[in-house]
Structures are given as structure tokens and as C-alpha cells.
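The next block holds one structure in the form of C-alpha cells; read it before the comments.
No value in this document is a laboratory result; all are computed from the given coordinates. Source: prediction; values computed, not measured. Neighbour counts run over all protein chains shown; Cβ positions are idealised from the backbone, glycine included.
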Amino acid sequence: MVTLGALLYLGSQLYGLIELRPFIGRPFDQDWSEQISAIVGLSTVGLLICAAGIVAHALAFKKL
């Protein structure tokens, strides 16, 4: 679960680096704003999945 969240986070960040590079130095437009929102959303979901995996692991470890 932690790995899945980390891959989702990493993938969204790499997408942001690759896809949004042409927008550097240009004025911001609506498309750029929508892409940033999508990247931030996916990154947040990835971090939440990571956190859930860490909590699940900690609770499983505590039961042992």
C-alpha cells in the first residue's frame, strides 16, 4: 500500500515536470492551472495512500 501511494505520488510529480516544462516563462493560462490542479490532487491522494499504509503497518505490528 505504501509503495502504491509512493508510485502514484512520484508519477504525478514526474508528469508535472515533463508536461508542464513548456509553460515555464510563459504567462499562466487556464490549461496550465487545470494541469496543476490535477497534479496536486493526484499527489495528495498518493500521500494519503502512503499514510494509510503506514498506519495499517503500525497497527499490524502492534498486534504482534
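Below is a table of values for the structure above.
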{"item": "Kirkwood Rh and Cα Rg combined as Rg over Rh, evaluated for the chain", "result": "1.21"}
{"item": "Charge dipole of the chain about the Cα centre (unit charges at C-beta), most positive-ward option of ALA60, ILE18, ILE49", "result": "ALA60"}
{"item": "Label-point separation in nm, LEU7 to SER33, each point 7 Å along Cα→Cβ", "result": "3.4 nm"}
{"item": "Potential lengthening between HIS57 and TYR15 on full extension [0.36 nm per residue; Cα-Cα distance subtracted]", "result": "12.2 nm"}
{"item": "Within the chain, helix-based [θ] at 222 nm, where runs of 4 or more DSSP H residues each add -39,500 (n - 2.57), nearest 500", "result": "-29000 deg cm²/dmol"}
